[in-house]
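Take a look at the structure set out below.
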Amino acid sequence: MKKYINFFKDCSNYYMSIAKNEFQQVHIKRKIEHCKRVNKLSIEIAEKLGLDAEEVYLVSIASLFHDIGRFKQFYEYSTYIDKISCNHALLSIEILEQEQVLNCLEKEKKEIILEIIKLHNCNELPHNISNKLYTYASILRDADKIDWIYAMVNIIPNLSRENQAVFYSNKEDKNFISEELVNNILNNKNIVRSDLNTIDELRVASIGWITSDMKCKPSYEIIKREDLINKTFNLMFDSKERNVVFDYIKKYINYHIK
């Protein structure tokens, strides 16, 4: 694992050193820390699910590198919005392939790691993949979303408004959550981030991903342990829509961790 950690450090340090301004440095650094936290979360979830040492190893490598393309993406485009820049998962794979980072692994293991990375930012997982790959990808996707919520409540509020705008994708900061979004959450339907219009919709959708897309019981336990539901709730404007959603999410989590 040391080899992979060193490559991650070299790659992240390189983009920090060539960043065009402080603005880029702030957000490249934010993604560096995100990758480290997601790596730690993925290992915890994998171990609590009872995966063997080899499986945890594969998940660990994939989670460390899942966003390594983000550094180059932000350096070139100054945005993390894939639709107006590039698919960051595919860029991560391209970098790993160009640098031959995984070539020391058996072909099958390398392909699994690359598939986990490829699947981590899909709207939803395809149903025609193997059960093992589905589990590995779900672990990373869960960890990624948990850390999104963690950053939303613990990190982003401490940034300047300019830097917050990158995280919130310039969504409007006003008291509005659509009825359609609430209904989608209450029916555990998949939510697409680009369909959201306000910061509060983004916040409530982030919690809604718990019911629509999170798959692993340890993920629910982590969310409750870190009190992420209440912390998100307290950031938002008071509204009937907010209260309905959060009441539902709390009951959903309590049911699934019994």
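When Rg is the radius of gyration of the Cα atoms in the stretch 187-258 and Rh is its Kirkwood radius, what does Rg/Rh come to?
With Rg and the Kirkwood Rh in hand, the quotient comes to 0.94.
So which trypsin sites (Lys or Arg not before Pro) in the stretch 143-242 are both in a DSSP loop and have at most 16 other Cβ atoms within 10 Å of their Cβ?
LYS174, LYS189, LYS215
Give me the 1.4 Å probe accessible area per residue for the stretch 109-170, excluding ligands and nucleic acids, in Å².
45 Å²
Rounded to two decimals, what is Rg over Rh for the stretch 118-212 when you use alpha-carbon atoms and the Kirkwood radius?
1.00
Give me P(r) over the stretch 219-258, computed from all C-alpha to C-alpha distances, binned every 5 Å, as integer percentages.
6, 22, 33, 22, 12, 4, 0
Going by the alpha-carbon gyration tensor, a ≥ b ≥ c the square roots of its eigenvalues, is the stretch 76-175 rounded (a/c under 1.5) or, if a/c is not under 1.5, prolate (a/b greater than b/c) versus oblate?
Since a/c reaches 1.5 and a/b is larger than b/c, the shape of the stretch 76-175 is classed as prolate.
From the P(r) of the stretch 3-50, could you give the percentage of C-alpha pairs in the tail past 18 Å?
I get 41 percent for the Cα pairs in the stretch 3-50 exceeding 18 Å.
With every protein chain in place, what's the accessible area of SER130 (1.4 Å probe, Å², nearest 10)?
Roughly 70 Å² of SER130 is accessible to a 1.4 Å probe.
Kindly provide the trypsin sites (Lys or Arg not before Pro) of the stretch 18-83 that DSSP labels as loop, not H, G, I, E or B, and whose Cβ sees at most 15 other Cβ atoms within 10 Å.
Details: sites: LYS20, LYS29, ARG30, LYS31, LYS36, ARG37, LYS40, LYS48, ARG70, LYS72, LYS83; in loops: LYS20.
Answer in residue order: LYS20.
If I model a spin label at TYR77 and ASP173 as a point 7 Å from the Cα along the Cα→Cβ vector, what separation in nanometres do I get?
2.5 nm
Take the alpha carbon gyration tensor of the stretch 143-189, find the square roots of its eigenvalues, order them as a ≥ b ≥ c, and report rounded if a/c is under 1.5; if not, report prolate when a/b exceeds b/c, else oblate.
Note, shape of the stretch 143-189 comes out oblate.
Calculate, for CYS122 and GLN164, the FRET efficiency according to 1/(1 + (r/R0)^6) with r their C-beta to C-beta distance and R0 22 Å; round to the nearest 0.05.
Values: r = 26 Å, r/R0 = 1.20.
Taking R0 as 22 Å, the efficiency between CYS122 and GLN164 is 0.25.
Dividing the Cα convex hull volume of the stretch 73-117 by residue count, how many Å³ per residue is that?
Spelled out: Cα convex hull of the stretch 73-117, divided by residues, is 63 Å³.
Can you give me the pair-distance distribution of the chain, C-alpha pairs, 5 Å bins, whole percents?
1, 6, 13, 17, 19, 17, 14, 8, 4, 1, 0
Which is farthest toward the positive dipole end of the chain among PHE74, LEU41, THR198, measuring Cα position about the Cα centre, with Cβ charges +1 (Lys, Arg) and -1 (Asp, Glu)?
Farthest towards the positive end: LEU41.
Which pairs, out of LYS36/LYS250; LYS145/LYS231; LYS48/LYS107, put more than 22 Å between their alpha-carbon atoms? Show your work: numbers first, answer last.
Working: LYS36/LYS250 28 Å; LYS145/LYS231 15 Å; LYS48/LYS107 27 Å.
From the list (LYS36/LYS250; LYS145/LYS231; LYS48/LYS107), the Cα-Cα distance tops 22 Å for LYS36/LYS250; LYS48/LYS107.
Taking only Cα atoms, what is the 0 to 90° angle, nearest 10, from helix 53-65's long axis to the longest principal axis of the chain?
Taking the Cα atoms of the chain, the angle to 53-65 is about 80 degrees.
Counting alpha carbon pairs within less than 8 Å and at least 6 residues apart, what relative contact order, in whole percent, applies to the chain?
17 percent
Can you give the angle from 0 to 90° between the axis of helix 240-256 and the longest principal axis of the chain, with both taken from C-alpha atoms, to the nearest 10?
Roughly 50 degrees between the two axes.
Take the Cα atoms of the stretch 11-91, find their three principal axes, and give me the spread along each one in whole Å, biggest first.
Principal extents (Cα only, largest first): 43, 24, 15 Å.
Can you pull out the GluC sites (Glu not before Pro) in the stretch 107-157 whose DSSP state is coil and whose Cβ has at most 13 other Cβ atoms within 10 Å?
Of the GluC sites (Glu not before Pro), the ones in loops of the stretch 107-157 whose Cβ has at most 13 other Cβ atoms within 10 Å are GLU124.
To test your reading of the geometry: what angle, between 0 and 90 degrees and rounded to tens, separates the Cα axis of helix 2-18 from the longest principal axis of the chain?
70 degrees
If I take R0 = 22 Å and measure r between the Cβ atoms of GLN25 and ARG225 in this structure, what FRET efficiency does the formula 1/(1 + (r/R0)^6) give, to the nearest 0.05?
According to the calculation, E is roughly 0.10.
The values are calculated or read from the model by the stated rules, or taken from the named source; none is laboratory data. A quick note: this is a predicted structure, and the numbers were derived from the prediction, not measured. Every residue, glycine as well, gets a Cβ built from its backbone with ideal geometry; the counts of neighbours run over all protein chains shown. Just so you know, the surface numbers come from the protein's heavy atoms only, side chains and all, with ligands and any DNA or RNA stripped out. Shrake-Rupley method; radii C 1.70, N 1.55, O 1.52, S 1.80 Å.
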